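Asks: What follows is a structure written as structure tokens; I'll ask about it next.
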Amino acid sequence: MDRNEELFERAQDSIPGGVNSPVRAFRSVGGAPRFIERAKGPYMWDVEGKRFIDYILSWGPMILGHNNEAVIADVEAAAEKGLSFGTATEAEIRIAEEIRKIVPSMEQVRLVSSGTEAGMSAIRLARGYTNRNKIIKFEGCYHGHSDALLVKAGSGLLTFGNPSSSGVPASVTEHTLVLEYNNPQQLEDAFKEFGSDIACVIVEAVAGNMNLVRATPEFIHTMRRLCTEYGALMIVDEVMTGFRVELGGAQAHYGVTPDLTMLGKVIGGGMPVAAFGGRREIMQHVAPVGGVYQAGTLSGNPVAVACGLATLKAIQAPGFYDTLFGQTKKLVDGLTAAAKENNITFCADHVGGMFGLYFLPEIPTGFADVMKSNTEQFNTFFHGMLDRGVYFAPSTFEAGFVSVVHTDEVIAETVNAARDVFAQMK
């Protein structure tokens with residue numbers, strides 16, 4: 001038994017399932033999770049000293065790679081002044097101003113500590129602003145673990161969602177309508193039936209929590225039109241996509257202006273920072289100026305904000321996105337070619353610096369397509385790559401991420417490992 005197995009066994013005694021976030025437990029792929037000790041650049045090392053090329057990157061925020069020297073220097077400087085004050089700081093203003101500059105739809109910004117907080121708060125604000133209760137979300141999209149959003153589709157998709165987690169009363173999700181992703185007609189039908197009662201529509205414009213699934217322009221722009229027509233708010237969840245699929249996020253990629261936006265991951269640079277924001281008239285309904293209450297002692301934590309500010313500065317360097325997107329394309333193209341050489345049913349896609357790997361004949365367009373994935377083949381591929389020092393997400397339903405320091409040599413090592421694994425899968 002190696003140290004990873006020993007630690008996992010030990011962890012299960014004091015931590016439910018041995019992990020503090022479910023996907024880390026390797027339940028869908030089997031085996032013991034790797035306990036990571038340190039990371040640098042595109043690599044991380046487990047407690048056994050084994051090096052992995054990292055394509056999780058803390059689920060997206062390590063867009064500069066791990067332990068970027070400029071980011072660490074700013075974090076250390078902030079930490080020397082104090083870890084937390086519970087009061088206002090100038091750094092909070094600076095990061096809010098930076099976010100407004102990059103994402104113009106966010107005229108005002110409220111900082112929180114997690115994507116779940118951002119989603120929960122955005123929904124509450126939408127309901128408070130519109131004085132309506134019903135919300136629309138889409139099958140396969142994840143917006144954090146707040147009660148109203150932990151839903152699965154009902155007996156028919158044009159029915160209200162049922163709780164997908166124990167501990168969530170049905171009464172909490174009775175106002176949540178679950179529709180098919182990339183189905184504009186269902187949106188039309190839902191607004192026709194419930195339009196005057198719908199507070200908001202919340203969407204990942206590029207989904208990352210059912211693997212990577214990109215929205216069609218028709219789907220996104222139909223959503224925008226209907227929200228405007230019926231007085232509902234359009235909320236774009238950019239927790240994963242913000243600064244990942246384009247500097248201005250998925251909304252810039254699609255040329256759409258949401259009413260509210262959720263951000264996380266990259267704006268914290270690896271530390272717990274998230275935000276929600278939007279039109280000034282809507283944000284003025286948030287306490288202390290409005291009646292929608294939201295608060296958090298650690299919101300705008302000075303050390304975390306310093307990490308986020310340094311990251312946001314770095315990603316605006318000339319040529320940054322050309323490099324990031326180019327390396328992601330090389331990875332996707334290389335893996336696709338390696339699978340084809342070995343006659344493996346496989347395809348891949350990427351939007352900016354996010355990518356999806358699918359053991360399917362065609363790139364999926366929604367949750368039902370993703371559910372047809374060959375999970376047995378994925379699990380074989382995952383463990384084969386892990387054995388060869390390449391760390392992909394331990395689930396066929398998660399997107400992957402590339403950093404700007406995944407060099408040609410790193411990509412080539414990954415593709416060569418995949419070619420070897422695919423050859424053994426024939």
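The values are calculated or read from the model by the stated rules, or taken from the named source; none is laboratory data. All of these numbers come straight from a predicted model, not from anything done at the bench. Neighbour counts run over all protein chains shown; Cβ positions are idealised from the backbone, glycine included. For accessibility, only protein heavy atoms count, side chains too; no ligands or nucleic acids. Shrake-Rupley method; radii C 1.70, N 1.55, O 1.52, S 1.80 Å.
Asks: Would you call Phe401 touching a helix residue (DSSP H, G or I) at 6+ places or on another chain (Cβ under 9 Å), surrounded by 21 or more Cβ atoms within 10 Å (Cβ to Cβ), modelled with pLDDT of 95 or more and over 25 Å from Phe219 (Cβ atoms)?
Replies: In short, no.
Asks: Residue by residue through segment 35-85, note down the ones that are within 30 Å of His143 (Cβ to Cβ), under 26 Å from the mean Cα position of the chain (by Cα) and aliphatic (A, V, I, L, M).
Replies: Listed by number, the residues that qualify are Ile36, Ala39, Met44, Ile53, Ile56, Leu57, Met62, Ile63, Leu64, Val71, Val75.
Asks: Can I ask one more? Restricting to segment 110-153, name every residue that is touching a helix residue (DSSP H, G or I) at 6+ places or on another chain (Cβ under 7 Å), among the hydrophobic types (A, V, I, L, M, F, W, C) and touching a residue at least 60 places away in the same chain (Cβ under 8 Å).
Replies: Leu111, Val112, Ile123, Leu125, Ile135, Ile136
Asks: Is it the case, given these coordinates, that Leu335 is open to solvent by less than 30 Å² (accessible area, probe 1.4 Å), closer than 30 Å to Ala70 by Cβ and part of a helix (DSSP H, G or I)?
Replies: When the stated conditions are applied, Leu335 does not pass them.
Asks: Return the only residue of Val245, Val213 being in contact with a Pro (Cβ under 6 Å, 6 or more places away or on another chain), touching a residue at least 40 places away in the same chain (Cβ under 8 Å) and open to solvent by less than 10 Å² (accessible area, probe 1.4 Å).
Replies: Val213
Asks: Need the failing condition index for His253 against (1) crowded, with 24+ Cβ neighbours inside 10 Å; (2) farther than 18 Å from Glu180 by Cβ, just the number.
Replies: Among (1) crowded, with 24+ Cβ neighbours inside 10 Å; (2) farther than 18 Å from Glu180 by Cβ, the lone unmet condition for His253 is (1).
Asks: In this structure, does Ala78 turn out to be crowded, with 22+ Cβ neighbours inside 10 Å, touching a Cys at 6+ places or on another chain (Cβ under 9 Å) and farther than 30 Å from Val390 by Cβ?
Replies: no
Asks: I've got another one for you. Say whether the condition of being crowded, with 24+ Cβ neighbours inside 10 Å and either over 29 Å from Asn68 (Cβ atoms) or modelled with pLDDT of 95 or more (or both) is met by at least one residue in segment 278-295.
Replies: Yes.
Asks: Show the residue pairs that are 6+ apart or on different chains and have beta-carbon atoms under 7 Å apart, the first residue being within segment 410-426 and touching a residue at least 40 places away in the same chain (Cβ under 8 Å) and among the polar types (S, T, N, Q), the second being in a helix (DSSP H, G or I) and buried (at least 22 other Cβ atoms within 10 Å of the Cβ).
Replies: Hits for this filter: Thr414/Leu331.
Asks: Within segment 222-242, how many residues are over 14 Å from Ile202 (Cβ atoms) and either buried (at least 24 other Cβ atoms within 10 Å of the Cβ) or in contact (Cβ under 8 Å) with a residue 40 or more places away in the chain (or both)?
Replies: Of the residues in segment 222-242, 2 are over 14 Å from Ile202 (Cβ atoms) and either buried (at least 24 other Cβ atoms within 10 Å of the Cβ) or in contact (Cβ under 8 Å) with a residue 40 or more places away in the chain (or both).
Asks: Here's a follow-up. Would you confirm, using the coordinates I've provided, whether Asp369 is crowded, with 18+ Cβ neighbours inside 10 Å, under 22 Å from the mean Cα position of the chain (by Cα) and among the acidic types (Asp, Glu)?
Replies: yes
Asks: So which of Glu80, Glu48 is of a type in the set (Asp, Glu) and in a loop (DSSP other than H, G, I, E, B)?
Replies: Unique residue meeting the criteria: Glu48.
Condition check ((1) in contact with a strand residue (DSSP E or B) (Cβ under 8 Å, 6 or more places away or on another chain); (2) at pLDDT 95 or above) across all residues:
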| residue | (1), (2) |
| --- | --- |
| Leu298 | no, no |
| Pro318 | no, yes |
| Leu331 | yes, yes |
| Gly334 | no, yes |
| Ala338 | no, yes |
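Asks: Residue check: is Gly86 closer than 19 Å to Ser113 by Cα, part of a loop (DSSP other than H, G, I, E, B) and at pLDDT below 95?
Replies: Spelling it out, Gly86 is indeed closer than 19 Å to Ser113 by Cα, part of a loop (DSSP other than H, G, I, E, B) and at pLDDT below 95.
Asks: Does segment 7-56 hold any residues that are within 29 Å of Lys329 (Cβ to Cβ), without any contact (Cβ under 8 Å) to a residue 40 or more places away in the chain and open to solvent by less than 30 Å² (accessible area, probe 1.4 Å), and which are they?
Replies: Once the filter is applied, which keeps residues that are within 29 Å of Lys329 (Cβ to Cβ), without any contact (Cβ under 8 Å) to a residue 40 or more places away in the chain and open to solvent by less than 30 Å² (accessible area, probe 1.4 Å), segment 7-56 yields only Ala39.
Asks: Determine if segment 78-85 includes at least one residue that is in contact with a strand residue (DSSP E or B) (Cβ under 8 Å, 6 or more places away or on another chain) and touching a residue at least 40 places away in the same chain (Cβ under 8 Å).
Replies: Checked segment 78-85: no residue is in contact with a strand residue (DSSP E or B) (Cβ under 8 Å, 6 or more places away or on another chain) and touching a residue at least 40 places away in the same chain (Cβ under 8 Å).
Asks: I've got another one for you. What is the residue count in segment 338-366 for residues that are out of contact with any Pro (no Cβ under 8 Å at 6 or more places or on another chain), open to solvent by 50 Å² or more (accessible area, probe 1.4 Å) and under 16 Å from Ala423 (Cβ atoms)?
Replies: Residues in segment 338-366 being out of contact with any Pro (no Cβ under 8 Å at 6 or more places or on another chain), open to solvent by 50 Å² or more (accessible area, probe 1.4 Å) and under 16 Å from Ala423 (Cβ atoms): 3 in total.
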